[in-house]
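*Asks:* Dropping a structure here in structure tokens format, bear with me for questions.
Computed from the coordinates by the stated procedures, all read-outs in this text should not be read as laboratory data. The structure displayed is predicted, hence computed values, not measured ones. All Cβ positions, glycine included, derive from the backbone under ideal geometry; neighbour counts span all protein chains shown.
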Amino acid sequence: MRKPLIAGNWKMNGSLSLIDRFGEACSETDLPLNVEVALMVPAPYLDAARRAFADTPMAWGGQTLHDQAAGAFTGEVSGPMLAEFEARYVLVGHSERRALFQEDDAAVLARVVAAVDVGLVPIVCVGETLEERDAGDTESVVLGQVDAVLAGLEARARERLVVAYEPVWAIGTGKTATPEQAQAVHASIRSHVNKTYSEALAEGLRLLYGGSMKAANATELLTQPDIDGGLIGGASLQVDDFLAICQSAG
Ligand code: 13P
């Protein structure tokens, strides 16, 4: 059985006081034991997250990392630094990183390798633009992004990955993919991984959906057979909304 994962992505939002509010809420709320929950916070908040979430079920992680462990890369954050703050996860290849910071498939793979090297769990984001969907290219785009990572990794490293399907047209737009649309892409990723790599990898691979997921639509998405959790942007900045989504996954 794949354990569901509900991960929040704060992007360049949030504050120290929001971390504290989440810390308090997580200590007071019974989060479902059969769900993993995590927040990907901006790097300057990692130490606060570590302190606020240490005795709660909430894990924390980074939103990107450089492929080098250290060096003259002003402004960047490395895998060993995230690991020092006991981050469990790191997002790699979010569509905003791909589009705004020119991260191509090779850069995504290099970052995934760097994450695995220090014991982080990379959450690799894939997804098509509206133009690509309208042109009928969803499957080829998404499977291409998945292969760009999986084909470059050793078998052991592949097993550490989480994949998040985030259609670009659904991110921050309020337009959620329908449960059928999301399920169809998730099923096609799983079946491709089964055929190309191994049945065990496909069966164990956690596939998250992201794109305008909120408390009101979480259940219908999370009950799809190939959707193993969510990657939540806007709604992860509201304590009640995010915890409600975590409950839906339980
Ligand atoms: P929204 O939930 O705000 O659409 O963002 C999704 C996302 O990009 C999570 O990584």
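*Asks:* Mind listing which chymotrypsin sites (Phe, Trp or Tyr not before Pro) in region 31-87 are in a DSSP loop and have 15 or fewer other Cβ atoms within 10 Å? Intermediate results must be reported in sequence, preceding the final value.
*Replies:* Working: sites: Tyr45, Phe53, Trp60, Phe73, Phe85; in loops: Phe73, Phe85.
Those satisfying the criteria are Phe73.
*Asks:* Then there is this: Just the number, please: percent antiparallel of the DSSP beta bridges in region 1-121, rounded to the nearest 5.
*Replies:* Working: 0 of 13 bridges.
Antiparallel bridges make up about 0 percent of those DSSP assigns within region 1-121.
*Asks:* Please give the direction-averaged projected area of the C-alpha convex hull for region 46-113, in square nanometres with one decimal. Before the final figure, lay out the partial values.
*Replies:* Details: hull surface 20.1 nm².
Taking a quarter of the hull surface, the average projection is 5.0 nm².
*Asks:* Another question about this same structure. Treat each spin label as a single point 7 Å out from the Cα along the C-beta direction, and report the Ala216 to Glu203 distance in nm.
*Replies:* Computed distance between label sites Ala216 and Glu203 equals 3.9 nm.
*Asks:* Scan around Ala164 for amide H atoms under 5 Å from its own, H built in the peptide plane at 1.01 Å from N, and keep only partners 5 or more places away or cross-chain.
*Replies:* HN-HN under 5 Å from Ala164: Val124, Cys125, Val126, Leu208.
*Asks:* Assuming R0 = 22 Å, can you tell me the calculated FRET efficiency for the pair Arg2 and Asp147, based on Cβ-Cβ distance, to the nearest 0.05? Could you put the intermediate results ahead of the total?
*Replies:* Values: r = 21 Å, r/R0 = 0.94.
Efficiency for this residue pair is about 0.60.
*Asks:* Just to verify a number: FRET efficiency for Met12 and Arg51, C-beta to C-beta distance, R0 = 22 Å, to 0.05? Display every interim value, and only then the final one.
*Replies:* Numbers: r = 21 Å, r/R0 = 0.97.
Once the sixth-power term is evaluated, E becomes 0.55.
*Asks:* Can I ask one more? Based on other C-beta atoms within 10 Å, arrange Cys246, Cys26 from fewest to most. Working shown, then result.
*Replies:* Values: Cys246 25, Cys26 22.
Listing Cys246, Cys26 from fewest to most nearby Cβ atoms yields Cys26, Cys246.
*Asks:* Still on this model: Taking a 23 Å limit on the Cα-Cα distance, which of the listed pairs Lys11/Lys214; Lys11/Lys175; Lys175/Lys195 fall beyond it? Before the final figure, lay out each step's value.
*Replies:* Values: Lys11/Lys214 16 Å; Lys11/Lys175 19 Å; Lys175/Lys195 32 Å.
Pairs exceeding 23 Å: Lys175/Lys195.
*Asks:* Taking region 149-250 as the region of interest, what is the percent of Cα-Cα pairs per 10 angstrom bin, listed from the shortest bin to the one with the maximum distance?
*Replies:* 16, 45, 28, 10, 0
*Asks:* Next up: Which whole-Hz couplings ³J(HN,Hα) result when phi for each residue of region 178-190 is put into the Karplus expression 6.51 cos²θ - 1.76 cosθ + 1.60, θ = phi - 60°, listed in order with x for Gly and Pro?
*Replies:* Calculated HN-Hα couplings, in order: 5, x, 5, 4, 5, 4, 4, 5, 4, 5, 6, 5, 5 Hz.
*Asks:* Take the Cα of Leu130, step 7 Å along the line toward its Cβ, and report every residue of region 204-222 whose backbone nitrogen sits under 16 Å from that point.
*Replies:* Flagged as within label range: 211-212.
*Asks:* Need one number: convex hull volume per residue for region 99-185, Cα atoms only, in Å³.
*Replies:* On the way: hull volume 9.7 nm³, N = 87.
So the per-residue hull volume is 112 Å³.
*Asks:* Further, regarding this structure: Regarding region 124-169, what is the average projected area of its C-alpha convex hull, in nm²?
*Replies:* Over all viewing directions, region 124-169 projects a mean Cα-hull area of 3.0 nm².
*Asks:* Then there is this: Would you kindly calculate the mean projected area, averaged across all directions, of the convex hull enclosing the Cα atoms of region 141-194, in square nanometres? Please list the in-between numbers first.
*Replies:* Values: hull surface 16.6 nm².
Average of the hull's projected areas for region 141-194 equals 4.2 nm².
*Asks:* Separation between the Glu28 and Glu139 pseudo-spin-labels, each 7 Å from Cα along Cα→Cβ, expressed in nm?
*Replies:* If labels sit at Glu28 and Glu139, their model points lie 4.9 nm apart.
*Asks:* Another question, if that's okay. Taking only Cα atoms of region 21-157, what ratio of Rg to Rh do you get with Rh as the Kirkwood inverse-distance radius? Walk me through the numbers before you get to the answer.
*Replies:* Working: Rg = 16.5 Å, Rh = 16.2 Å.
Result for region 21-157 is an Rg/Rh of 1.02.
*Asks:* Sticking with this structure for a sec: On a C-alpha basis, how far is the centre of region 171-194 from the centre of region 64-140 in Å? Whole number, if you could?
*Replies:* Comparing the Cα centres of region 171-194 and region 64-140, I get a distance of 20 Å.
*Asks:* Mind checking region 145-250 for trypsin sites (Lys or Arg not before Pro) that DSSP puts in a loop (not H, G, I, E or B) and that have at most 14 other Cβ atoms within 10 Å? Before the final figure, lay out the partial values.
*Replies:* On the way: sites: Arg156, Arg158, Arg160, Lys175, Arg190, Lys195, Arg206, Lys214; in loops: Arg160, Lys175, Lys214.
Here the sparse-neighbourhood loop sites are Arg160, Lys175.
*Asks:* GluC sites (Glu not before Pro), restricted to region 110-204: which are DSSP loop and have at most 16 other Cβ atoms within 10 Å? Display every interim value, and only then the final one.
*Replies:* On the way: sites: Glu128, Glu131, Glu132, Glu139, Glu154, Glu159, Glu180, Glu199, Glu203; in loops: Glu128, Glu154, Glu159.
Loop-located and lightly packed - Glu154, Glu159.
*Asks:* Also, quick follow-up: What translational diffusion coefficient, in µm²/s and rounded to a whole number, does the Stokes-Einstein relation yield for the chain at 10 °C and a viscosity of 1.306 mPa s, taking the hydrodynamic radius as the Kirkwood radius over Cα pairs? Write down the numbers at each step before the final one.
*Replies:* Numbers: Rh = 17.9 Å.
D = 89 µm²/s.
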